[in-house]
Structures are given as structure tokens and as C-alpha cells.
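One structure, as C-alpha cells, below. Some questions next.
Computed from the coordinates by the stated procedures, all read-outs in this text should not be read as laboratory data. This is a predicted model, so every value here is computed, not measured. Neighbour counts run over all protein chains shown; Cβ positions are idealised from the backbone, glycine included.
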Amino acid sequence: MPEDITLIAAGMLAALKSISYTGALIAGFVGVLSGDCMLFWLGRKYGNHVFELPLFRTVFTEKRIALAREKVLNNSKMICFTARFLPGLRAPTYLTAGVMGVSPLTFLLLDGFAALISVPIWVHLGWVLGDNLDHALAVALKTQKYILLAAAVLLLFFIFYKLRAKRLAKTETDQSPQV
């Protein structure tokens with residue numbers, strides 16, 4: 001089950017006064033980070049062999065692994081942050097980040113910062129929608145699209161910035177006097 005649904009359910013339980021709103025936020029944040037860190041550490045411990053384990057073999061297709069590997073290798077910091085907003089690639093990206101040797105502190109800080117954004121959004125969405133699950137799921141899908149759009153815009157901005165920096169570096173190298 002996607003964690004976004006669980007976070008919305010926690011918000012709905014808070015709206016129904018079954019749990020506290022603050023408790024839903026804290027439990028959601030701790031749960032999200034725990035799951036992400038577990039995937040990251042599995043990748044660090046078992047390396048590429050983790051993708052061969054029966055439990056993961058069916059979920060992590062070659063295509064997902066290849067895409068996650070490419071993204072992590074090209075820019076681990078941006079990917080560790082944006083993967084939080086990419087449900088289909090989240091798990092293979094975190095596993096691949098561990099396999100590729102991304103710094104644990106970098107991973108935890110960036111994933112934690114992204115979770116500080118996403119967890120309150122989903123819990124609050126569930127809290128606002130209260131006891132109407134069908135409406136909550138419809139709004140969640142719509143909200144997820146906006147979050148993905150925002151993540152895509154950030155990613156495009158970052159890519160533009162990197163390409164521009166490379167182009168400037170190349171221009172400076174081309175203009176330097178040859179010895």
C-alpha cells in the first residue's frame with residue numbers, strides 16, 4: 001500500500017478524533033523515514049544483490065532499477081530529495097542510493113527535509129477531508145499531480161542550472177590561452 005494512502009488515513013483518523021493530529025504527523029514522519037532508511041541500508045549492505053532477492057525481484061523491474069541508477073549516479077543529492085515525491089520510483093531510488101554509496105547523512109537530511117514537506121501535506125489532506133474516503137482519494141490523486149508538477153519544475157530548474165554551469169565552464173576552457 002502506498003504510504004500516501006496511509007498518511008491520508010492517519011489524517012482522517014485525526015479528524016474523527018481517534019488519534020491526535022500531532023501524533024499522526026509524528027507517526028507518519030517516523031514511519032516514512034524508517035521505511036526509506038530501511039531500503040537505503042538494504043542497498044548499502046547487500047549492494048546489487050538486493051535486487052535479486054525474491055521479495056524485491058518482482059517489484060523492482062530492470063527498467064525501474066536502470067532509471068533509478070541513472071538518476072542517482074547523475075545527481076544523488078537532488079534525486080534523494082525529489083524521489084520522495086515520485087511514488088513509482090521512490091523505493092528503487094532509495095535502494096539504488098544505498099547501492100551506489102550515497103552518504104547516509106546526505107540521504108537522511110535530504111529525505112528528511114522532503115518528508116517534512118510531504119507528510120504534513122498528506123496528513124492534513126486526510127484531516128481536512130474528514131470522513132469521506134472516496135473524496136479524499138480523489139483529492140489525493142489530484143494533489144499528487146500538483147506535487148509531481150512542482151517536483152518536475154524544480155528538477156528542470158536544477159538541470160538548466162547544471163547545463164548552464166557546464167556551458168560556462170566549457171566556454172572559459174575554450175577561451176583560455178593554449179600553451
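Does a label point 7 Å from the Cα of Leu137, set along Cα-to-beta-carbon, have any residues of region 68-97 with amide nitrogen under 20 Å, and which are they?
Output list for this probe position: 87-88.
I need Met78, Met38, Met12 ordered by Cβ neighbour count within 10 Å, fewest first. Please list the in-between numbers first.
Values: Met78 18, Met38 13, Met12 23.
Arranged by neighbour count, lowest to highest, Met78, Met38, Met12 become Met38, Met78, Met12.
While we're on this one: Under a GNM of the chain (C-alpha, springs under 10 Å), which listed residue has the highest mean-square fluctuation: Arg164, Arg44, Arg90?
Residue with maximal mean-square fluctuation among Arg164, Arg44, Arg90: Arg164.
Considering only the other residues whose Cβ falls under 13 Å of the Cβ of Arg164, what net charge follows from Lys and Arg at +1 and Asp and Glu at -1?
Charge balance near Arg164 sits at +3.
Also, quick follow-up: Expressed as a rounded percentage, what relative contact order does the chain have, with Cα pairs under 8 Å and six or more residues apart? If you can, show how the numbers build up before the last one.
Values: 177 pairs, mean separation 58.5, N = 179.
Dividing the mean separation by the residue count of the chain yields 33 percent.
Okay, next question. For all pairs of alpha-carbon atoms in the chain, what percent lies in each bin of width 5 Å, listed from the first bin to the last filled one?
Histogramming the chain at 5 Å steps yields 1, 8, 15, 17, 16, 14, 11, 8, 4, 2, 2, 1, 1, 0, 0, 0 percent.
Which order do Cys37, Cys80 fall in if you start with the one that has the fewest other Cβ atoms within 10 Å?
On the way: Cys37 17, Cys80 27.
The fewest-first ordering by Cβ neighbours comes to Cys37, Cys80.
Ranking Lys170, Lys71 by Cβ neighbours within 10 Å, fewest first, what do you get?
Lys170, Lys71
For the chain, what is the mean residue ellipticity at 222 nm derived from helices alone (per DSSP H run of n ≥ 4: -39500 (n - 2.57); sum divided by total residues; nearest 500 deg cm²/dmol)?
Numbers: 8 runs with 142 residues, N = 179.
-27000 deg cm²/dmol, from helical runs alone.
So, one more: Identify all lysines with a Cα-Cα distance to Lys145 below 25 Å; exclude those on the same chain that are fewer than 8 residues away in sequence.
Lys63, Lys71, Lys77
Further question on the same structure: Enumerate the helices in the chain for which the Kyte-Doolittle hydropathy averages -1.0 or more and the C-alpha atoms extend at least 20 Å along the helix's axis, using complete DSSP H runs. Mind dumping the intermediate values first?
Working: long enough: 21-46 (37 Å, 0.88); 104-129 (36 Å, 1.67); 133-175 (62 Å, 0.57).
Both cut-offs are met by 21-46, 104-129, 133-175.
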